[in-house]
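The values are calculated or read from the model by the stated rules, or taken from the named source; none is laboratory data. As the structure is a prediction and not an experimental result, all values here were calculated from the model. Cβ placement follows ideal geometry from the backbone for every residue including glycine, while neighbour counts extend to all protein chains displayed. Note: areas computed on protein heavy atoms with side chains; ligands, DNA, RNA excluded. Shrake-Rupley method; radii C 1.70, N 1.55, O 1.52, S 1.80 Å.
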Amino acid sequence: MIAVAAMAVAVACGGATVAQAGVQAEGEVACGYDYDACWAQWYDYGFVKNYIVGEIYYKGGGYHFYWWN
(Lines give C-alpha, C1' and ligand atoms only; values in the text may rest on other atoms or scores of the structure.)
Protein backbone atom coordinates (compact mmCIF):
# COMPACT_ATOMS: atom_id res chain seq x y z
CA MET A 1 0.00 0.00 0.00
CA ILE A 2 2.87 2.38 0.81
CA ALA A 3 4.51 1.72 -2.57
CA VAL A 4 1.21 2.48 -4.36
CA ALA A 5 0.86 5.75 -2.45
CA ALA A 6 4.49 6.64 -3.21
CA MET A 7 3.94 5.98 -6.93
CA ALA A 8 0.84 8.22 -6.88
CA VAL A 9 2.89 11.02 -5.29
CA ALA A 10 5.66 10.56 -7.87
CA VAL A 11 3.17 10.73 -10.73
CA ALA A 12 1.41 13.78 -9.29
CA CYS A 13 4.65 15.63 -8.61
CA GLY A 14 6.53 14.44 -11.69
CA GLY A 15 9.58 13.55 -9.64
CA ALA A 16 11.14 10.83 -7.56
CA THR A 17 9.96 9.79 -4.16
CA VAL A 18 11.36 7.42 -1.56
CA ALA A 19 9.16 4.80 0.07
CA GLN A 20 9.85 3.07 3.37
CA ALA A 21 12.78 5.16 4.58
CA GLY A 22 14.94 4.97 1.46
CA VAL A 23 14.47 1.27 0.72
CA GLN A 24 13.00 1.86 -2.72
CA ALA A 25 13.13 4.90 -5.00
CA GLU A 26 10.76 5.29 -7.90
CA GLY A 27 9.39 7.91 -10.24
CA GLU A 28 8.04 8.84 -13.63
CA VAL A 29 9.95 10.58 -16.40
CA ALA A 30 8.00 12.90 -18.70
CA CYS A 31 10.02 12.95 -21.92
CA GLY A 32 7.99 15.28 -24.13
CA TYR A 33 6.95 14.56 -27.71
CA ASP A 34 10.22 13.26 -29.16
CA TYR A 35 10.12 9.46 -28.99
CA ASP A 36 13.81 9.07 -29.87
CA ALA A 37 14.86 11.44 -27.06
CA CYS A 38 12.59 9.56 -24.67
CA TRP A 39 14.11 6.26 -25.74
CA ALA A 40 17.58 7.71 -25.00
CA GLN A 41 16.46 8.73 -21.49
CA TRP A 42 14.85 5.30 -20.98
CA TYR A 43 18.12 3.63 -22.01
CA ASP A 44 20.10 5.89 -19.64
CA TYR A 45 17.88 5.03 -16.68
CA GLY A 46 17.81 1.32 -17.47
CA PHE A 47 21.34 0.55 -18.60
CA VAL A 48 23.54 3.39 -17.32
CA LYS A 49 21.88 4.15 -13.97
CA ASN A 50 20.77 0.50 -13.57
CA TYR A 51 17.18 1.26 -12.61
CA ILE A 52 14.31 -0.99 -13.58
CA VAL A 53 12.26 0.81 -16.23
CA GLY A 54 8.74 0.28 -17.51
CA GLU A 55 7.51 0.57 -21.06
CA ILE A 56 7.48 3.94 -22.78
CA TYR A 57 3.89 5.08 -23.18
CA TYR A 58 2.11 8.12 -24.56
CA LYS A 59 0.00 10.21 -22.21
CA GLY A 60 -1.55 13.66 -22.82
CA GLY A 61 1.68 15.68 -22.67
CA GLY A 62 3.96 13.30 -24.56
CA TYR A 63 5.91 10.16 -23.81
CA HIS A 64 6.55 8.86 -20.29
CA PHE A 65 8.04 5.91 -18.48
CA TYR A 66 8.34 4.72 -14.89
CA TRP A 67 11.58 3.77 -13.15
CA TRP A 68 12.37 2.18 -9.79
CA ASN A 69 15.22 0.38 -8.10
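Observations
- Of residues in the range 36-63 being in contact with a helix residue (DSSP H, G or I) (Cβ under 9 Å, 6 or more places away or on another chain) and over 20 Å from Q24 (Cα atoms), the one most open to solvent (accessible area, probe 1.4 Å): Y58
- Criterion violated by M1 - all others in (1) open to solvent by 90 Å² or more (accessible area, probe 1.4 Å); (2) at pLDDT 95 or above satisfied: (2)
- Pair list, Cβ < 8 Å and 6+ apart or interchain, from the range 34-56 residues that are of a type in the set (F, W, Y) to residues that are at pLDDT below 95: Y51/N69
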